[in-house]
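All remarks here apply to the structure that follows.
The values are calculated or read from the model by the stated rules, or taken from the named source; none is laboratory data. Note that the coordinates shown come from a computational prediction; the quantities given were computed from them, not determined experimentally. Because the Cβ atoms are built from the backbone with ideal geometry, glycine has one as well, and the counts that use them run over all protein chains shown. Areas reflect the complete protein model, heavy atoms only, side chains present, ligands, DNA and RNA absent. Shrake-Rupley method; radii C 1.70, N 1.55, O 1.52, S 1.80 Å.
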Amino acid sequence: MSTDPRAQAEAQLRRIEESLGKTAADVADEIGRNGIERHSEVVAYLKSTHGLTHGNANLLAQVVRERLAGGPMTPEGLLAAQYSGSKSALLPAYHALSSVVESVGPDVTKVVQKTGVSFRRKKQFALIQAASAKRIRLGLNLATTPENPRVVATSGMCTHAVDIASPDEVDTDVAAWIQASYDRAG
């Protein structure tokens, strides 16, 4: 089984299409004919009309909405959307963080998604998200919480988080935490 999120999503989409007996394009046409636009409404429709689980309905809804909008966004387009408007001032901090994360090892894989940028090895070890107009949230998977008030324990896909407001905050401490998270993901 592939650990690449895109390959996993493509395999999941193929299974959904097989179970429905319809392609994503067929479902996009159906959604378009019914005038459903919001993501949550598409998910609800797919669950109630086609009996899909929430996860499958969510994935298919994303694909359907991309098709209705003219096709999937490129990684560059997704990143530009994350750092548009009031969040555009955070782009230099993102680039500083991304540069450090990508330099920690030769096997780093970067996946730009709609709401963040995931960095993986065998497992995800870092996640950069434009949390607000004033800060980026760097999610990490650390064994223990460093004795530094900048690092907070969290739950979910990452065990810890660090808020970054400017490129100056991407310092040797942040680089060390990123390296520790990378090392754990191997």
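Would you point out the residue of segment 149-186, among those that are aliphatic (A, V, I, L, M) and assigned to a loop (DSSP other than H, G, I, E, B), that is nearest to Ser88 (Cα to Cα)?
Filtering segment 149-186 for residues aliphatic (A, V, I, L, M) gives 151-153, 157, 161-162, 164-165, 170, 174-176, 178, 180, 185.
Add one more test, that the residue is assigned to a loop (DSSP other than H, G, I, E, B), and what stays is 157, 165, 170, 185.
On the way: Met157: 25, Ala165: 12, Val170: 17, Ala185: 30 Å.
Applying the filter and picking the extreme gives Ala165.
Which ones in segment 78-93 are open to solvent by 20 Å² or more (accessible area, probe 1.4 Å) and in contact with a helix residue (DSSP H, G or I) (Cβ under 7 Å, 6 or more places away or on another chain)?
Let us first name the residues in segment 78-93 that are open to solvent by 20 Å² or more (accessible area, probe 1.4 Å), namely 78-81, 84-89, 91-92.
Correct list: Pro92 only.
Is it true that Asp171 is of a type in the set (Asp, Glu), within 16 Å of Pro5 (Cβ to Cβ) and surrounded by fewer than 19 Cβ atoms within 10 Å (Cβ to Cβ)? Talk me through it step by step, then tell me what you get.
On the way: of a type in the set (Asp, Glu): yes; within 16 Å of Pro5 (Cβ to Cβ): no; surrounded by fewer than 19 Cβ atoms within 10 Å (Cβ to Cβ): yes.
Criteria not met by Asp171.
Could you list, in sequence order, the residues of segment 5-22 that are surrounded by 14 or more Cβ atoms within 10 Å (Cβ to Cβ) and over 24 Å from the mean Cα position of the chain (by Cα)?
Leu20, Lys22
Take segment 107-128 and flag every residue that is more than 20 Å from Val63 (Cβ to Cβ) and either open to solvent by less than 10 Å² (accessible area, probe 1.4 Å) or of a type in the set (Gly, Ala, Ser) (or both). So that I can check it myself, show each step before the final result.
Going residue by residue through segment 107-128, those that are more than 20 Å from Val63 (Cβ to Cβ) are 107-110, 117, 119-128.
Of everything in segment 107-128, those that are more than 20 Å from Val63 (Cβ to Cβ) and either open to solvent by less than 10 Å² (accessible area, probe 1.4 Å) or of a type in the set (Gly, Ala, Ser) (or both) turn out to be Val117, Phe119, Phe125, Ala126, Ile128.
Could you pull out the residue among Val111, Val162, Val174 that is of a type in the set (Val, Ile, Thr) and closer than 21 Å to Ser84 by Cα?
Values: Val162 fails: closer than 21 Å to Ser84 by Cα; Val174 fails: closer than 21 Å to Ser84 by Cα.
Among Val111, Val162, Val174, only Val111 is of a type in the set (Val, Ile, Thr) and closer than 21 Å to Ser84 by Cα.
Any idea how many residues of segment 111-148 are charged (D, E, K, R) and in contact with a strand residue (DSSP E or B) (Cβ under 7 Å, 6 or more places away or on another chain)? If you could, list the steps in order and put the result at the bottom.
Here is the first cut: in segment 111-148, the ones charged (D, E, K, R) are 114, 120-123, 134-135, 137, 147.
Then keep just the ones that are in contact with a strand residue (DSSP E or B) (Cβ under 7 Å, 6 or more places away or on another chain); that gives 120, 135, 137.
So the count comes out to 3.
Identify, please: which residue in segment 106-125 is basic (Lys, Arg) and more than 14 Å from the chain's Cα centre (by Cα) and is, among those, modelled with the lowest pLDDT? First the steps, then the outcome.
The first filter runs over segment 106-125 and keeps only residues basic (Lys, Arg), leaving 110, 114, 120-123.
Checking which are more than 14 Å from the chain's Cα centre (by Cα) leaves us with 121-122.
Details: Arg121: 93, Lys122: 88.
Step by step, filter segment 106-125, then rank; the result is Lys122.
Take the residues of segment 134-153 that are open to solvent by 50 Å² or more (accessible area, probe 1.4 Å) and closer than 24 Å to Ser84 by Cα: which is nearest to the chain's Cα centre (by Cα)?
First, pick out the residues of segment 134-153 that are open to solvent by 50 Å² or more (accessible area, probe 1.4 Å): 134-135, 137, 143-145, 147, 149-150, 152-153.
Cutting the leftovers down to closer than 24 Å to Ser84 by Cα gives us 134-135, 137.
On the way: Lys134: 20, Arg135: 17, Arg137: 13 Å.
Of everything passing the filter in segment 134-153, Arg137 is nearest to the chain's Cα centre (by Cα).
Would you mind finding the one in Ala180, Ala96, Ala131 that is touching a residue at least 12 places away in the same chain (Cβ under 8 Å) and open to solvent by less than 40 Å² (accessible area, probe 1.4 Å)?
On the way: Ala180 fails: open to solvent by less than 40 Å² (accessible area, probe 1.4 Å); Ala131 fails: open to solvent by less than 40 Å² (accessible area, probe 1.4 Å).
Matching residue, one of Ala180, Ala96, Ala131: Ala96.
Restricting the search to segment 23-65, which residues are among the charged types (D, E, K, R), within 17 Å of Lys114 (Cα to Cα) and surrounded by 13 or more Cβ atoms within 10 Å (Cβ to Cβ)?
To start, the set of residues in segment 23-65 that are among the charged types (D, E, K, R) comprises 26, 29-30, 33, 37-38, 41, 47, 65.
Retained after the next criterion (residues that are within 17 Å of Lys114 (Cα to Cα)): 38, 65.
Correct list: Arg65 only.
Leu68 passes all but one of (1) surrounded by 19 or more Cβ atoms within 10 Å (Cβ to Cβ); (2) under 28 Å from Asn34 (Cα atoms); which number fails?
Only one criterion is unmet by Leu68, namely (1).
Could you check segment 149-176 and list, in sequence order, the residues that are of a type outside the set (S, T, N, Q) and out of contact with any strand residue (DSSP E or B) (no Cβ under 7 Å at 6 or more places or on another chain)? Full working, then the answer.
Kept after step one, since they are of a type outside the set (S, T, N, Q), are these residues of segment 149-176: 149-153, 156-158, 160-165, 167-171, 173-176.
Passing the criteria: Pro149, Gly156, Ala165, Pro167, Asp168, Glu169, Asp171, Asp173, Ala175, Ala176.
Filter segment 134-151 down to residues that are under 17 Å from Asp171 (Cα atoms) and without any contact (Cβ under 8 Å) to a residue 12 or more places away in the chain, then give me how many there are. Give the derivation first.
Initially, segment 134-151 is screened for residues under 17 Å from Asp171 (Cα atoms), giving 135-140, 146-151.
Still in the list and also without any contact (Cβ under 8 Å) to a residue 12 or more places away in the chain: 147, 149.
Qualifying residue count for the region: 2.
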